[in-house]
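In what follows, a structure is listed as structure tokens, so that the remarks can point back to it.
Any read-out appearing in this document is the output of simple, stated calculations on the displayed coordinates, not a laboratory observation. Keep in mind the model is a prediction, meaning the values are calculated, not measured. Here Cβ is always computed from backbone atoms with ideal geometry, including for glycine, and neighbour counts include all displayed protein chains.
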2 protein chains.
Amino acid sequence: MLDELKDYLKKLEYINSTIALLDWDVMVNMPEKAEKYRSEMLGYLSGEYYKMTTSEKLKQLIEHFKANDDLDEITKSSIDKIEKEYNKTKKIPEEQYKHYKIAASLSYSAWEEAKKKSDFSIFAPHLEKMVEYNKKFAKYWGFEQNSYNALLDIYEPSITTEKLDVVFGELRLAIVDLLKKINASNVSVDTEYFKKYCPKEAQQKFGKLVLDKMGYDYKKSGRIDESTHPFTTNFGNKDVRITTNYDENDLRKALYSTIHEGGHAIYEQNIPDDLQGTMLAEGASMAIHESQSRFYENLIGKSKEFWTYFYPIAQNEFNNFQGVSFDDFYRGLNEVKPSLIRIDADELTYSLHIIIRYEIEKMLFNDDLEVKDIPYIWNKKYEEYLGVKPKNDSEGVLQDMHWSDGSFGYFPSYALGNLYGAQFLNKMKKDILDLDEQIEEGNLKVVHEWLKNNIHKHVKRQITPN
Amino acid sequence: MLDELKDYLKKLEYINSTIALLDWDVMVNMPEKAEKYRSEMLGYLSGEYYKMTTSEKLKQLIEHFKANDDLDEITKSSIDKIEKEYNKTKKIPEEQYKHYKIAASLSYSAWEEAKKKSDFSIFAPHLEKMVEYNKKFAKYWGFEQNSYNALLDIYEPSITTEKLDVVFGELRLAIVDLLKKINASNVSVDTEYFKKYCPKEAQQKFGKLVLDKMGYDYKKSGRIDESTHPFTTNFGNKDVRITTNYDENDLRKALYSTIHEGGHAIYEQNIPDDLQGTMLAEGASMAIHESQSRFYENLIGKSKEFWTYFYPIAQNEFNNFQGVSFDDFYRGLNEVKPSLIRIDADELTYSLHIIIRYEIEKMLFNDDLEVKDIPYIWNKKYEEYLGVKPKNDSEGVLQDMHWSDGSFGYFPSYALGNLYGAQFLNKMKKDILDLDEQIEEGNLKVVHEWLKNNIHKHVKRQITPN
């Protein structure tokens with residue numbers, strides 16, 4: 001019967017990987033006319049996945065093995081993982097789940113249109129439905145104190161608003177305080193040279209070099225492709241793919257998206273072989289995953305040490321940096337400038353964008369805010385925390401897709417990732433006394449190895465404390 | 001219940017398309033280390049397909065609708081098609097089918113090794129098994145007169161050795177006769193300029209132009225990628241993909257593989273929308289499919305009219321043709337020179353390669369030849385028909401993969417495709433009086449339209465005679 005269970009979990013992974021590959025192909029290769037048929041293919045596969053994660057068979061397997069104490073650690077964790085997934089779907093009445101999926105798809109389309117037309121009212125009724133559904137789901141799943149906690153738990157198990165209020169509260173005050181000082185300093189930084197024309201081929205070459213130094217095995221098990229929105233995906237740990245998007249008038253965009261996705265991808269490549277097919281072969285949580293990408297992007301990729309090695313190479317490869325001193329370059333790269341769009345935010349202000357979204361989500365799920373009033377609150381908070389105000393909803397509340405398909409509770413992962421990353425760096429520096437020198441010499445392998453041994457081996461598996 | 005049937009057939013198509021996409025990705029994108037996991041994914045999906053095409057449920061649906069006279073033409077054909085597939089698999093005992101699949105996979109590996117080492121004895125025991133299995137299968141399926149007929153029927157429904165003996169007999173005599181005359185003529189043709197260095201980018205550009213003129217919609221529903229072996233695949237009629245392989249020292253290779261695959265691909269793009277999801281949306285037969293690719297490759301792509309339009313462009317794009325007159329170029333392109341390798345054969349001698357394989361397959365299935373004696377017969381026939389003799393098995397009997405996985409009966413499709421294509425051209429010339437002039441002006445659209453209206457709409461659907 002154990003073989004049966006293992007077989008069942010493997011099949012689930014095959015379907016998951018297949019869906020991921022079809023999705024990757026949509027973003028990277030698919031001819032435009034193929035959209036309808038592809039969505040039917042994907043619908044079929046998702047349906048099969050749904051059937052298998054809600055089946056009577058799976059229920060029996062879970063019950064049988066939950067009563068069985070004589071299991072190895074990995075199998076126990078597999079059971080916990082799949083039980084969580086079973087409960088998450090099965091507790092929602094099937095008809096409701098189906099209606100939700102349809103509503104989510106309509107909601108996504110409405111969001112796309114609303115964003116294009118910069119008109120929140122197009123999206124509002126759909127967003128209301130998404131919130132209502134998720135409130136109901138939270139009740140089905142059960143929660144303590146706050147229905148929003150049930151949603152947070154999906155992305156970062158056991159995180160709660162009680163914990164986040166403390167952490168984000170402190171973080172917000174500290175950032176806003178520092179930001180005020182920076183604004184008052186009146187130091188201005190030149191960043192125009194980043195925007196000089198820079199051919200895609202040169203960007204590609206440099207990006208590949210950086211990833212190679214980071215230890216991304218793009219030769220035998222990884223790829224770099226192009227898509228409108230950069231992302232990472234994988235089908236097992238031997239086929240990991242990132243995408244990027246080249247802007248020939250701002251070389252920072254592809255470079256930092258490449259480093260960011262590289263952080264995710266290296267995590268996936270380092271997931272131990274023995275976890276393949278167990279449902280555990282994925283990042284420990286969304287926030288831990290983001291900690292890897294944002295760690296490389298900001299803490300490594302914007303550090304003085306990193307650029308001590310890479311700046312001479314960049315000066316050679318690009319025409320952008322003639323006459324730009326290392327100090328000016330370093331300052332330009334780390335410019336702090338409050339802005340409206342999350343994904344373009346600098347390292348300091350980024351978390352404020354997240355905190356605003358977190359506060360709004362919490363209010364929505366605590367019935368402290370109605371959907372129609374989101375834009376007002378959004379703009380108010382942007383002005384208060386960041387000192388900037390959206391001119392319209394498109395550069396305000398409509399900028400992110402997360403809410404359109406009901407992914408409430410996801411945003412905090414990004415800011416938590418920032419915080420986790422800072423703690424990892426702190427510990428890493430204690431463990432590797434010459435870390436700075438190693439990075440200055442381009443030896444990012446020491447970073448990779450530390451992460452591999454201390455972070456990447458910890459995946460979805462629940463670690464029972466000693 | 002009709003909805004149930006339609007739904008069932010659609011699901012089968014989704015699985016088919018998913019397998020095809022995963023296979024395409026293996027050839028075009030997949031990192032090498034991912035092979036094992038990908039084959040597991042593909043194994044799972046093939047298993048699901050097997051289950052669905054042999055299920056009790058499908059049997060019931062077929063029986064129900066076979067007894068029902070009140071069906072539209074398309075549904076009737078769908079039922080016939082799926083019944084054929086059901087019988088083909090279901091008539092083989094399940095255990096035997098499983099063993100066969102494993103044996104076929106081992107046989108393919110053995111063939112690869114044998115070809116590399118040019119040692120037929122490595123492959124022979126596997127080939128024996130493949131022949132034995134297929135003899136048994138032919139018995140399960142039933143046949144008239146000749147077990148080989150059951151295999152031919154898979155690729156070209158209702159073709160038989162009785163018919164092929166007549167057609168191929170005549171064809172062989174005619175070709176061998178013409179070949180003797182050509183050899184005796186002592187005309188020698190210069191083709192060295194084709195082998196001058198020609199950068200990939202220029203070949204890509206020219207290939208795209210030719211496909212565009214042919215009417216391949218590569219912008220919205222088609223793609224051209226690179227893989228070691230060129231092929232065509234599709235997932236519905238709105239996502240058709242061809243691949244090619246550039247040889248910078250012989251521009252003919254990619255060009256003619258592109259035109260060849262383009263012929264297949266245009267067929268797939270022109271399959272009517274209303275046949276999607278009915279299991280009928282594929283070429284009428286393997287030979288009809290080959291007729292399209294080989295028609296474009298040889299009858300159009302090597303014609304004087306075609307190059308009247310394209311030669312000036314090619315002279316502009318490539319450095320190969322400086323000082324080469326149109327007549328010399330045209331002669332070079334159509335050089336006849338008996339050779340050992342089928343896929344490199346010229347237009348005239350190509351069918352002889354097929355006829356040799358056909359004669360050997362027929363002997364094998366009629367117990368007139370033992371596997372161990374194939375190399376002897378192979379070499380003898382090459383000498384007799386083509387006047388050339390393989391130095392070793394690698395450039396002889398081991399050159400093609402078809403037999404390694406048991407695809408006996410497939411080869412005749414290529415030669416039949418040549419013959420069908422010639423007949424189409426004959427009729428096309430009667431229907432389009434200024435056909436030559438149109439092609440000379442690069443207006444290949446008239447060819448495309450004729451094929452679309454007269455050939456491409458005829459797919460797997462059985463046409464009941466009026």
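Overview of values
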read-out	value
Other copies of B:Ser105: label-to-label distances in nm, shortest first, labels 7 Å along the beta-carbon direction	3.4
24 Å Cα-Cα threshold exceeded, pairs from B:Lys90/B:Lys238; A:Lys33/B:Lys304; A:Lys90/A:Lys135; A:Lys10/A:Lys57; A:Lys205/B:Lys200	B:Lys90/B:Lys238; A:Lys33/B:Lys304
Flagged links, alpha-carbon separation over 28 Å, of A:Lys59/B:Lys6; A:Lys101/A:Lys391; A:Lys81/A:Lys101; B:Lys362/B:Lys427	A:Lys59/B:Lys6; A:Lys101/A:Lys391; B:Lys362/B:Lys427
Shielding of A:38-48 by partner chains, average beta-carbon count, 10 Å	4
Segment B:Ser118-B:Asp250, extension gain: residue separation times 0.36 nm, minus the distance between their alpha carbons	45.0 nm
Cα-based reach from B:Lys180 at 17 Å (exclusive), listing lysines while leaving out same-chain residues under 8 positions away	B:Lys337, B:Lys381, B:Lys389
Paired Rg and Dmax values of chain A, which use every Cα atom, in angstrom	22.8, 70
Residue-averaged beta-carbon neighbours from other chains (10 angstrom radius) around B:226-239	3
Debye intensity ratio I(q)/I(0), log10, region A:2-144, q values 0.09, 0.11 Å⁻¹ (C-alpha model)	-0.39, -0.58
Dipole magnitude of region B:109-242, debye to nearest 20 (Cβ charges: Lys/Arg +1, Asp/Glu -1, about Cα centre)	520 debye
Cβ nearest the rotation axis (A onto B), residue from chain A and distance to the nearest whole Å	A:Thr18, 3
Loop-located chymotrypsin sites (Phe, Trp or Tyr not before Pro) in region A:379-459, at most 11 other Cβ atoms within 10 Å (DSSP)	none
Point-to-point label distance, A:Lys445-A:Tyr97, nm (Cα→Cβ direction, 7 Å offset)	4.8 nm
Two-site label geometry, A:Leu173 and A:Asp70: point separation in nm, points 7 Å out along Cα→Cβ	5.6 nm
Most to least packed among A:280-292, A:25-37 [average Cβ atoms within 10 Å]	A:280-292, A:25-37
Those aspartates and glutamates that a straight Cα-Cα span of less than 14 Å connects to B:Lys11, excepting residues fewer than 8 apart in one chain	A:Glu40, A:Glu48, B:Asp3, B:Glu48
Average beta-carbon neighbours from other chains, 10 Å sphere, peptide A:9-19	4
Chain A: angle of helix A:350-365 to the longest principal axis, Cα-based, in degrees nearest 10	30 degrees
Efficiency of FRET from Cβ geometry, B:Asp431 and B:Tyr309, R₀ 22 Å, rounded to 0.05	0.60
Highest average packing first - B:214-221, B:353-360, B:387-394, Cβ atoms within 10 Å	B:353-360, B:214-221, B:387-394
Selected from A:Ile266, A:Ala281, A:Leu209, residue furthest toward positive end of dipole (region A:199-288; charges at beta carbon)	A:Leu209
7 Å along Cα→Cβ, label-point gaps from B:Ser185 to other copies, nm, shortest first	8.3
Helical mean residue ellipticity (222 nm; -39500 (n - 2.57) per DSSP H run of 4+; nearest 500) of chain A	-19500 deg cm²/dmol
Cα-centred dipole magnitude for the protein assembly as shown, charges only on beta-carbon of K, R (+1) and D, E (-1), debye, nearest 20	260 debye
Amide hydrogen neighbours beyond the local backbone of B:Glu226, cut-off 5 Å, H modeled	B:Thr244
Projected-area mean, the protein assembly as shown, by convex hull of Cα positions, square nanometres	45.0 nm²
Calculated FRET efficiency for the pair A:Asp344/B:Asp367, C-beta based, R₀ 56 Å, to 0.05	0.15
Per-pair calculated FRET efficiency, R0 = 22 Å: A:Ser227 and A:Lys391 via Cβ, rounded to 0.05	0.20
Coil-residue GluC sites (Glu not before Pro) of region A:58-151, DSSP, other Cβ within 10 Å capped at 10	A:Glu144
In Hz, Karplus ³J(HN,Hα) per residue of region B:427-440 (6.51, -1.76, 1.60; θ = phi - 60°; x = Gly, Pro)	6, 4, 5, 6, 7, 10, 5, 9, 3, 4, 5, 4, 5, 4
Inter-copy label distances at B:Asn453 (7 Å, Cα→Cβ; nm, one decimal)	7.5
Share, in percent, of DSSP beta bridges within the protein assembly as shown that are antiparallel, nearest 5	45 percent
